[in-house]
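Asker: Dropping the structure in here first, questions after.
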Amino acid sequence: MSDNEAIRMLIAKSCLTLDDGDFSAYLALCAPDYAYRIKAWSPELRNDMIWLEHDRDGLAGLFATLPEHLQRSGRLSRHVSTATIEARENTEAYDVVSSLIVHHTDLDGRTQTLAVGRYKDTVAWVDGAILLSAREVALETRDLGIGLHVPL
Amino acid sequence: MSARDKSSWEQTPGAPAGHFVSGLVYTDPDIYRDESDKIFSNAWRFACHASELPEANDYRVFDHDGQSLVAMRGEDDVIRTFLNVCSHRGAKLLDQPSGNAKHVTCFYHRWTYDNHGQCTGIPRASGYASDGVKKESMGLREVRTDVLHDLVFITLDGATPPLETFIGPALDRFSEMLSGQPLEVFHYNQAVLECNWKAWHETNMDLYHEFMHVVLRQTQVNAMPMEDRKLIVFEGGHGGSGGDLKAAYDGYEGFAGRGDDVPPLAGMSATDFRFINLFPSTAIISRGTVVRIDTVTPIGPDKALLEMRGLGVQGEPDGHRRVRQKHHNQYWGPFGRNVPEDMVAAESCADSFRHQAGRYQIIARDEKMAGQDDAILRAFYAEWGRRLGRDPGAPV
Ligand code: FES
Ligand SMILES: [Fe+2]
């Protein structure tokens, strides 16, 4: 498998594992120094905002406490289309940009678009496996309705 | 000790007047219009924080009572507010939520205005020579504006008593936090909620629902004796914490040590929890290191626009800002642990009242102004009833 193919599969898997709530499988795709962040631009403040920021342990803690929280019912479906994969010079890392659409399907089976944005990922080979070492979710959507606890 | 039949379900709850609210207050279209006439068209309402207009000629657009308004900082440093409507044929003047403009030019026929609201230019004005339309009488509609502790308030009504009278002493316990160091908004987002505006505001006034949030069950409910918590209500329907509530942050995974790496806001300690709900629709809530301002604006009986702001200290080092953002997001961010849960609650109750499956909200907890007393909710509805001339328990 080419690196590009492996990277596309990694990113697609990161979506499916989150969609399925299979958080340990998601974390298995993340390097030990994984850095996760959700950002949005505020035209009101004319500034960037950080909406969620965690390292790998922080995310693991978030996932662990999730079952005790009141959550929007239904399921999320993350869909990505990877647009660019650029190798970083002299490293085994790549910068990858994908466009993202998240749909929400409620308990009655009705689906609506919940959010759009981009994944700006850094991926790298670690001990023979290609892993996510950083993800920034740059959201266009700023009204997420009744909101979420789960990373997108 | 049994389930209730139809008539029992629809009867008023067996609690004194003022201790329950009819579901019709959330759904009835006449009540909704009445709220516009008797509350939103004349009460003072929080518009934005002064830090959102840091420079001369900065402007900030917002919605109020179904209308678009714009607050502008003049070169004289005075903040003025206008309807965001062109005097000529009513086009919306400013489209962006914020920006900087010395002059505002209407896109439609290019009339221009300055940030004192004066009409400064009418293209080919000679065409109006015979009918008396002239720029001197074509200024924007100015809306009364006042600023208290850097909070910008507006009222649509020229006859409303001054802001200080309207607020009374309700912000006294916040003056040091809000003015003791210059604050700055670092977080802003909106959510359109499928519920009446009051259903959201109730989540900020109702302490009893601490039990809904696992974070509060683990950090707040047992952090101090319930009877030592002091609540306070004010004339005009405002209410909040009288003495600070406490939080024990090590009770929740990932929250321990909150406050170790950033100084608290002026007059606060890192574990203090202080809040005030200003009638009709604004809540100011501080958790020691960070403060949130929440404003809810009716869109329809069943729809509300929630605006959420998070504030830190102006000019603080990046490291401090990052920590405050984190503290803000832990509870109140769009991916936080509390606010998304509150939204679920507000929409869930709305769903029951929408077709009168739910009939009443019970707001009867009496803990002598301590613990999880419903006194703040009762004070809100007493003012609501006074203004509308309706009993919240039997409003139609
Ligand atoms: S509507 Fe604004 S210039 Fe005509
Ligand atoms: Fe809450």
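The values are calculated or read from the model by the stated rules, or taken from the named source; none is laboratory data. The structure presented is a predicted model; accordingly, all values stated were derived computationally and were not measured. Heads up, the Cβs are rebuilt from the backbone with ideal geometry, glycines too, and the neighbour counts pull from every protein chain shown.
Asker: What are the pairs with Cβ atoms under 7 angstrom where one residue, in the range B:331-347, is under 19 Å from B:W197 (Cβ atoms) and the other, located anywhere, is of a type in the set (G, A, S) and more than 10 Å from ligand 2 (Cβ to nearest atom)? Sequence gap at least six, or different chains.
Answerer: B:W332/B:G310; B:V339/A:G147; B:P340/A:G147; B:M343/A:G147; B:M343/B:A191; B:A346/B:A199
Asker: Just need a number here: residues in the range A:134-150 that are of a type outside the set (A, V, I, L, M, F, W, C), at the interface with chain B (Cβ under 7 Å from one of its Cβ atoms) and within 25 Å of A:L27 (Cβ to Cβ).
Answerer: Pass one, the range A:134-150, residues of a type outside the set (A, V, I, L, M, F, W, C): A:135-136, A:140-143, A:145, A:147, A:149.
Next, only the ones that are at the interface with chain B (Cβ under 7 Å from one of its Cβ atoms) stay: A:142-143, A:145, A:147, A:149.
Pick out the ones that are also within 25 Å of A:L27 (Cβ to Cβ) and you get A:147, A:149.
Qualifying residue count for the region: 2.
Asker: Please indicate, with yes or no, whether at least one residue in the range B:55-62 is surrounded by fewer than 16 Cβ atoms within 10 Å (Cβ to Cβ) and either in contact with a Leu (Cβ under 7 Å, 6 or more places away or on another chain) or assigned to a loop (DSSP other than H, G, I, E, B) (or both). I'd like the intermediate steps shown before the answer.
Answerer: Let us first name the residues in the range B:55-62 that are surrounded by fewer than 16 Cβ atoms within 10 Å (Cβ to Cβ), namely B:55-56.
Remaining after also requiring either in contact with a Leu (Cβ under 7 Å, 6 or more places away or on another chain) or assigned to a loop (DSSP other than H, G, I, E, B) (or both): B:55-56.
Yes: the range B:55-62 contains one or more residues that are surrounded by fewer than 16 Cβ atoms within 10 Å (Cβ to Cβ) and either in contact with a Leu (Cβ under 7 Å, 6 or more places away or on another chain) or assigned to a loop (DSSP other than H, G, I, E, B) (or both).
Asker: Could you please find all residues in the range B:354-382 being assigned to a helix (DSSP H, G or I) and at pLDDT below 95? If you could, list the steps in order and put the result at the bottom.
Answerer: Taking the range B:354-382 as the starting set, the residues that turn out to be assigned to a helix (DSSP H, G or I) are B:354, B:375-382.
Hit for the range B:354-382 is B:R354, nothing else.
Asker: Considering the range B:238-249 alone, what residues qualify as being over 15 Å from B:I284 (Cβ atoms) and in contact (Cβ under 8 Å) with a residue 40 or more places away in the chain?
Answerer: Kept after step one, since they are over 15 Å from B:I284 (Cβ atoms), are these residues of the range B:238-249: B:243, B:246-249.
The answer is B:A247, and nothing else.
Asker: Counting only residues that are of a type outside the set (A, V, I, L, M), in contact with a Ser or Thr (Cβ under 8 Å, 6 or more places away or on another chain) and not in a loop (DSSP other than H, G, I, E, B), how many does the range B:64-120 have? Spell out how you get there, then give the answer.
Answerer: Initial filter on the range B:64-120 (of a type outside the set (A, V, I, L, M)): B:64-68, B:73-77, B:80-82, B:84, B:86-90, B:92, B:95-100, B:102-103, B:105-120.
From what's left, in contact with a Ser or Thr (Cβ under 8 Å, 6 or more places away or on another chain): B:64-66, B:80-81, B:84, B:92, B:103, B:105-106, B:111-114, B:119-120.
Applying the additional criterion that residues be not in a loop (DSSP other than H, G, I, E, B) yields B:64, B:80-81, B:92, B:103, B:105, B:112-114, B:119-120.
Residues in the range B:64-120 being of a type outside the set (A, V, I, L, M), in contact with a Ser or Thr (Cβ under 8 Å, 6 or more places away or on another chain) and not in a loop (DSSP other than H, G, I, E, B): 11 in total.
Asker: Out of curiosity, is B:P182 more than 14 Å from chain A (Cβ to nearest Cβ), closer than 27 Å to B:Q314 by Cβ, surrounded by fewer than 17 Cβ atoms within 10 Å (Cβ to Cβ) and within 21 Å of the chain's Cα centre (by Cα)?
Answerer: Yes.
Asker: Oh, and also: Among (1) in a strand (DSSP E or B); (2) closer than 23 Å to B:C195 by Cβ; (3) within 14 Å of another protein chain (Cβ to nearest Cβ), which single condition is A:T113 missing?
Answerer: (3)
Asker: Tell me which residues, restricted to the range B:165-181, are out of contact with any Asp or Glu (no Cβ under 8 Å at 6 or more places or on another chain) and assigned to a helix (DSSP H, G or I). Quick ask: steps written out before the conclusion?
Answerer: From the range B:165-181, those out of contact with any Asp or Glu (no Cβ under 8 Å at 6 or more places or on another chain) are B:165-167, B:169-177, B:180-181; that's our starting set.
Of everything in the range B:165-181, those that are out of contact with any Asp or Glu (no Cβ under 8 Å at 6 or more places or on another chain) and assigned to a helix (DSSP H, G or I) turn out to be B:T165, B:F166, B:I167, B:P169, B:A170, B:L171, B:D172, B:R173, B:F174, B:S175, B:E176, B:M177.
Asker: Quick check on the range B:312-328. Is at least one of its residues assigned to a strand (DSSP E or B) and among the aliphatic types (A, V, I, L, M)?
Answerer: Taking the range B:312-328 as the starting set, the residues that turn out to be assigned to a strand (DSSP E or B) are B:312-313.
Add one more test, that the residue is among the aliphatic types (A, V, I, L, M), and what stays is B:313.
There is at least one residue in the range B:312-328 that is assigned to a strand (DSSP E or B) and among the aliphatic types (A, V, I, L, M).
Asker: Ok, one more. For residues that are in a helix (DSSP H, G or I) and touching a strand residue (DSSP E or B) at 6+ places or on another chain (Cβ under 7 Å), scanning just the range A:24-69, find the one that is farthest from the other protein chains (Cβ to nearest Cβ). Before the answer, list the steps.
Answerer: Of all residues in the range A:24-69, those in a helix (DSSP H, G or I) come to A:24-27, A:56-68.
Of the ones still in play, those that are also touching a strand residue (DSSP E or B) at 6+ places or on another chain (Cβ under 7 Å) are A:56, A:59, A:62.
Numbers: A:R56: 13, A:L59: 10, A:L62: 7 Å.
It comes out as A:R56.
Asker: While we're here: When residues of the range B:208-227 are filtered for being out of contact with any Asp or Glu (no Cβ under 8 Å at 6 or more places or on another chain), assigned to a loop (DSSP other than H, G, I, E, B) and without any contact (Cβ under 8 Å) to a residue 24 or more places away in the chain, how many remain?
Answerer: Total satisfying the criteria: 2.
Asker: Same structure again: Hey, can you tell me all the residues within the range B:71-104 that are under 27 Å from B:D302 (Cα atoms) and away from ligand 1 (no atom under 14 Å from the Cβ)?
Answerer: Within the range B:71-104, the first condition is being under 27 Å from B:D302 (Cα atoms), and the residues that meet it are B:83-85, B:92, B:95-97.
B:Q96, B:P97, listed by residue number.
Asker: If a residue must be surrounded by fewer than 19 Cβ atoms within 10 Å (Cβ to Cβ) and within 13 Å of ligand 2 (Cβ to nearest atom), how many such residues does the range B:185-213 contain?
Answerer: Residues flagged as surrounded by fewer than 19 Cβ atoms within 10 Å (Cβ to Cβ) and within 13 Å of ligand 2 (Cβ to nearest atom) within the range B:185-213 amount to 5.
Asker: If we scan the range B:45-54, do we find a residue that is farther than 30 Å from B:K134 by Cβ and either more than 14 Å from chain A (Cβ to nearest Cβ) or within 16 Å of ligand 2 (Cβ to nearest atom) (or both)?
Answerer: Scanning the range B:45-54, I find at least one residue that is farther than 30 Å from B:K134 by Cβ and either more than 14 Å from chain A (Cβ to nearest Cβ) or within 16 Å of ligand 2 (Cβ to nearest atom) (or both), so the answer is yes.
Asker: Of the conditions (1) buried (at least 18 other Cβ atoms within 10 Å of the Cβ); (2) more than 14 Å from every other protein chain (Cβ to nearest Cβ), A:V102 clears all except one; give me its number.
Answerer: That leaves (2) as the condition not met.
Asker: Go through the range B:228-272 and count every residue that is buried (at least 20 other Cβ atoms within 10 Å of the Cβ) and in a strand (DSSP E or B).
Answerer: 7
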